[in-house]
Amino acid sequence: MFDFLEGYDVLGAFWTTVQLTLLAAVGSLVWGTLLAAMRVGPVPLMRGFGTVYVNIVRNIPLTVIILFTSLGLNNTLGISLGSSVIDTINFRLAVLGLVAYTSAFVCEALRSGINTVPVGQAEAARAIGLSFSQVLRLVVLPQAFRSSVGPLTNVLIALTKNTTVAAAIGVAEAATLMKTMVENEAQLIPISAVFALGFVILTLPTGLILGWVGKKVAVKR
Amino acid sequence: MTEVSVAKEDAVPEAGELVVLKSVNKHFGALHVLQDIDLTIARGEVVVVIGPSGSGKSTLCRTINRLETVDSGTIAIDGRPLPQEGKELARLRADVGMVFQSFNLFAHKTVLENVMLGQIKVRKADRKQAEEKARALLDRVGVATQADKYPAQLSGGQQQRVAIARALAMDPKVMLFDEPTSALDPEMINEVLEVMQQLARDGMTMIVVTHEMGFARSAANRVVFMADGRIVEEAAPDQFFSNPRSDRAKDFLSKILHH
């Protein structure tokens, strides 16, 4: 019944999907946090940069961004991200594109989390002599993260599925393999079902576990 | 009115001006909330600021550690004018303790961590010393047994006492109290006032915005009465409560003292 799977490395392809997801998740969490810090910060130039970045990047289709990393950054500007192997270059470009895109959403999820932290928390922190960055790092962001676990989970699930766009620049992840299999085997529905199931297996536990985590770390007021 | 029966500190405060406000003005849009405020607070003095809602007394309190900026005028603490936002200001704020109406304990940290945070991050104390001092302060305000709980697990009165301990942990030169008992259940007001009385007796310089006339009578060296953004009257508590000079103060007192 599952003959059509023979000769294809489905697990390997999903492993690449997982790697793309994890690396892009960490990268966009870091960059998205910095963007959020800029957007709530006191420096007008940084606030402006954060606002412009988010509003431009989140409104560009991911496919365009991913293609740009390959055609623009790599082919035109010759940026190879420290590798000469084409597969590795494409993988890294895909991570870069996913980070650039997803961080805009992480930033906004976090900023909504920051808005749930009562202004008195920051005032009390300033009143004991903490600097702006300490107020943010020690008091505001820890509480903001706890209340944005839900929105961030959505971003992570979307990111997991968005990694399929990396197929556009030939990264050997799940969607690339699926396309190959659909072309080679006359089994469209079973193949689609296997890949759909694969993604559900990745994202369903993410949602359940992070839902539990969100409740666990929620700040009681 | 809540009466806290503690003998009043009659001793004249030590010489030396600690907090000096000179012709301070502030607007919120069209509203002129602080109008030419001149106020000098001496070292060791306890000044209670009273007045009707919207008179600018909370705003006045918040300008002293620059949580509110002023439009004109100068504010100096211990001879140094308030600097612009930045490291310098942060250093100065560490010397000015502040207690808020809504406690504002850090909700994601335990009571003990709340009192340790400033010591470690601002005063650069090591963890062990900070913890020792935090426990001693929590003991002093009577909540030592709650050290490992989170703020939301404490009653309002306990939270406010922790907030006082958190401010004291910085060894402030002056303490600002912005309506510290206004958000409390009546039965919890006294436990907070008693801690404040004790502080006053220990010689802490305090600026207290409050509606607790009992506290004003028993602990203040001076009462400052504000209305409509101005300081209308300043007097010793006895004199102010028994014989207010201004009509505005007479009117205010007649509304709150006799019912």
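The values are calculated or read from the model by the stated rules, or taken from the named source; none is laboratory data. This is a predicted model, so every value here is computed, not measured. Glycine also receives a Cβ, built like all others from the backbone with ideal geometry; neighbour counts cover every protein chain displayed. When the accessible area is computed, the model is the full protein with side chains, heavy atoms only, and any ligands, DNA or RNA have been set aside. Shrake-Rupley method; radii C 1.70, N 1.55, O 1.52, S 1.80 Å.
Here are A:PHE132, A:PHE91, A:PHE105: which of them is within 22 Å of A:GLY50 (Cα to Cα) and more than 14 Å from every other protein chain (Cβ to nearest Cβ)?
Details: A:PHE132 fails: more than 14 Å from every other protein chain (Cβ to nearest Cβ); A:PHE91 fails: within 22 Å of A:GLY50 (Cα to Cα).
When all the criteria are applied, what remains is A:PHE105.
Taking the criterion of being open to solvent by 50 Å² or more (accessible area, probe 1.4 Å) and within 16 Å of B:GLY97 (Cα to Cα), would at least one residue in the stretch B:150-165 satisfy it?
Scanning the stretch B:150-165 turns up no residue that is open to solvent by 50 Å² or more (accessible area, probe 1.4 Å) and within 16 Å of B:GLY97 (Cα to Cα).
Return the pairs, sorted by first residue and then second, in which the second residue is at pLDDT below 95, the first residue lies in the stretch A:1-24 and is β-branched (Val, Ile, Thr), the beta carbons are less than 6 Å apart, and the residues are 6+ apart or on different chains.
A:THR16/A:ALA172; A:THR16/A:GLU173; A:THR17/A:GLU173; A:THR17/A:ALA174
Mind telling me which of the residues A:ILE65, A:ILE60 ends up being assigned to a loop (DSSP other than H, G, I, E, B) and either surrounded by fewer than 21 Cβ atoms within 10 Å (Cβ to Cβ) or in contact with a helix residue (DSSP H, G or I) (Cβ under 9 Å, 6 or more places away or on another chain) (or both)?
When all the criteria are applied, what remains is A:ILE60.
Report, by residue number, each residue of the stretch B:202-226 that is part of a loop (DSSP other than H, G, I, E, B) and under 30 Å from B:ALA30 (Cβ atoms).
B:THR210, B:HIS211 - these are the residues of the stretch B:202-226 that are part of a loop (DSSP other than H, G, I, E, B) and under 30 Å from B:ALA30 (Cβ atoms).
What helices (runs of 4 or more DSSP H), lying completely within the stretch B:66-161, carry at least 3 residues that are within 11 Å of chain A (Cβ to nearest Cβ)?
On the way: elements: B:87-94, B:111-121, B:127-140.
Ranges flagged: B:87-94, B:111-121.
Just for the stretch B:47-65: of the residues that are assigned to a loop (DSSP other than H, G, I, E, B) and more than 12 Å from every other protein chain (Cβ to nearest Cβ), which one is most open to solvent (accessible area, probe 1.4 Å)?
B:SER53
Kindly indicate whether A:LEU81 is over 26 Å from B:ASN104 (Cβ atoms), free of Cβ contacts under 8 Å to residues at least 60 places away in the same chain and outside any helix (DSSP H, G or I).
Yes: the conditions hold for A:LEU81.
Among the residues of the stretch B:212-224, write down those that are under 15 Å from B:GLY56 (Cβ atoms) and open to solvent by 30 Å² or more (accessible area, probe 1.4 Å).
none
Looking at (1) within 30 Å of B:GLN119 (Cβ to Cβ); (2) open to solvent by less than 10 Å² (accessible area, probe 1.4 Å); (3) among the aliphatic types (A, V, I, L, M), which one does B:ALA227 not meet, given that it meets all the others?
(1)
Report whether or not A:LEU159 is under 17 Å from B:LYS109 (Cα atoms) and at pLDDT 95 or above.
Spelling it out, it is not the case that A:LEU159 is under 17 Å from B:LYS109 (Cα atoms) and at pLDDT 95 or above.
Would you check if there is a residue in the stretch B:227-236 being in a helix (DSSP H, G or I) and either small (Gly, Ala, Ser) or at pLDDT 95 or above (or both)?
no
Residues that are open to solvent by 30 Å² or more (accessible area, probe 1.4 Å), at least 3 per element: which helices (runs of 4 or more DSSP H) completely within the stretch A:113-211 meet that?
A:141-147, A:149-162, A:174-184
Do any residues in the stretch A:166-193 that are under 17 Å from A:PHE91 (Cβ atoms) have Cβ atoms under 7 Å from those of residues that are charged (D, E, K, R) and assigned to a helix (DSSP H, G or I), where the two are at least six apart or on different chains, and which pairs are they?
Sorted first by the residue in the stretch A:166-193, then by its partner, the pairs are A:ALA167/A:LYS179; A:ALA172/A:ASP87.
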